Amino acid sequence: MRHLLKLEGMNEAEARQILSLAKKAKKARAKSSGAKGPLTGQIWALIFTKASTRTRVSFEVAIREMGGVPSFLSAAEIQLGRGELVRDTARVMGRMVHGAVIRTFAQNDVEEFAAYARIPTINALTDDEHPCQILSDIFTFEEKRGSIQGKRVAFIGDAACNVPRSWAAAAKIFGFHLACAAPKEFRPAQIGKHVSWTEDPAEAAKGADILYTDVWVSMGKEAEAATREKVFSLYQINRKLVSQAKPNVLVMHCLPAYRGKEITADVLEARAQDIFDQAENRLHTQKGILEWIVSKPLKKKG
Ligand code: CP
Ligand code: NVA
């Protein structure tokens, strides 16, 4: 059996053999082309600074089912966690893996990573956005209720965090209205043609096709938990609020859910089929995102 525990004591012939094998491997890799799944022959790094269940598992499964290999890297366990720069981490990753899925705090870090790694990079949640979640949520709504165009989505809770921010961006893209109910200090940043804000949850819920909520305390905001629980106490999806929306309203939650806080246990259990279909759809949508990312841009018509 061989080990490589140290270079001290290794003879030149052995060392040369390793270098020669490396050269061969590099050549072979440059030539290999994906044949079966769209990610065949690809290795994707999943670099996560924050906790995750749905996003992590759906990406790991999607990448494998598409022929690729995921490599999960907790930021705390790589040199990034000890202060190595994002740009240096990116330069290394870009030379070794084919794509990256990143969950972190600053949006700028994901952007810097993409710029320096020069490999397809996916935002798996930052403080600013959660694009994969909202694409998946729109997929879920349309699967269950038809086109989202012209519909009313009521977001109840912290309307300044990543999930509603991506909803606001989607409202403009897909042509629907996002009605946010939030305390003043947590109102959405993008109020305008497609996004409105009120402090009254009932007003936002009126006529809503979707009633949506997210945690009161986003990852990274734990120090504000006590104050947030006070200011958000009235921003809850409960039976009364559901009755104020359209009769066929779809109750949605990106999860994880905290029963008795942003949603009552009875509403969550009564709507569990839809809410966990929503969670499952993360897997199918991640595949769509990955395939889109690795496919060539569509040619312009005409
Ligand atoms: N909704 C969502 O992104 O869940 P995770 O934090 O478990 O990935
Ligand atoms: N706003 C939440 C979303 C969790 C999926 C957070 O950032 O923690």
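One line per residue, one yes/no per condition, for (1) in contact with a strand residue (DSSP E or B) (Cβ under 6 Å, 6 or more places away or on another chain); (2) polar (S, T, N, Q); (3) touching a residue at least 24 places away in the same chain (Cβ under 8 Å); (4) over 26 Å from residue 277 (Cα atoms):
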{"position": "39", "(1), (2), (3), (4)": "no, no, yes, no"}
{"position": "50", "(1), (2), (3), (4)": "yes, no, yes, no"}
{"position": "68", "(1), (2), (3), (4)": "yes, no, yes, no"}
{"position": "83", "(1), (2), (3), (4)": "no, no, no, yes"}
{"position": "96", "(1), (2), (3), (4)": "no, no, yes, yes"}
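From the set of residues in the range 70-107 that are in a helix (DSSP H, G or I) and β-branched (Val, Ile, Thr), which is surrounded by the fewest Cβ atoms within 10 Å (Cβ to Cβ)?
Among those residues, the one meeting the criterion is 92.
Of these, 95, 64, which one is at pLDDT 95 or above and of a type in the set (D, E, K, R)?
Going through 95, 64 in turn, the sole match is 95.
Just name the residue that is nearest to ligand 2 (Cβ to nearest atom) out of those in the range 46-72 that are more than 16 Å from the chain's Cα centre (by Cα) and of a type in the set (A, V, I, L, M).
Filtering the range 46-72 for residues that are more than 16 Å from the chain's Cα centre (by Cα) and of a type in the set (A, V, I, L, M), the one nearest to ligand 2 (Cβ to nearest atom) comes out as 66.
Here's a check for you: in the range 218-258, which residue that is within 12 Å of ligand 2 (Cβ to nearest atom) and buried (at least 21 other Cβ atoms within 10 Å of the Cβ) is nearest to residue 185 (Cα to Cα)?
Residue satisfying both the conditions and the ranking: 228.
Could you tell me which of the residues 223, 204 is under 21 Å from residue 261 (Cα atoms), among the small types (Gly, Ala, Ser), assigned to a helix (DSSP H, G or I) and in contact (Cβ under 8 Å) with a residue 40 or more places away in the chain?
Criteria check complete, one pass: 204.
Any idea which residue in the range 259-274 is nearest to ligand 2 (Cβ to nearest atom), counting only those that are assigned to a loop (DSSP other than H, G, I, E, B) and in contact (Cβ under 8 Å) with a residue 40 or more places away in the chain?
The residue in question is 262.
Pull up the range 1-24, narrow it to residues that are farther than 22 Å from residue 96 by Cα and under 40 Å from the mean Cα position of the chain (by Cα), then point me to the one that is surrounded by the fewest Cβ atoms within 10 Å (Cβ to Cβ).
This residue is 3.
Is there any pair with a first residue in the range 163-186 that is of a type in the set (S, T, N, Q) and a second that is outside any loop (DSSP other than H, G, I, E, B) whose Cβ atoms are under 6 Å apart and which are 6 or more apart or on different chains, and what are they?
Partner pairs satisfying both residue conditions: 166/131; 166/134.
Let me spell it out: the conditions are (1) within 11 Å of ligand 2 (Cβ to nearest atom); (2) part of a loop (DSSP other than H, G, I, E, B), and residue 189 meets all of them except one. Which number is the exception?
Failing condition for residue 189: (1).
Quick test of your reading of the structure: residue 110 fulfils all but one of (1) within 19 Å of residue 289 (Cβ to Cβ); (2) assigned to a loop (DSSP other than H, G, I, E, B); (3) aliphatic (A, V, I, L, M); (4) within 16 Å of ligand 2 (Cβ to nearest atom). Name the failing condition by number.
Answer for residue 110: the failing condition is (2).
The values are calculated or read from the model by the stated rules, or taken from the named source; none is laboratory data. Computed from a prediction, not measured in an experiment: that's the story for all the values here. Counting neighbours? That spans all protein chains shown, and the Cβs are built from the backbone with ideal geometry, glycine included.
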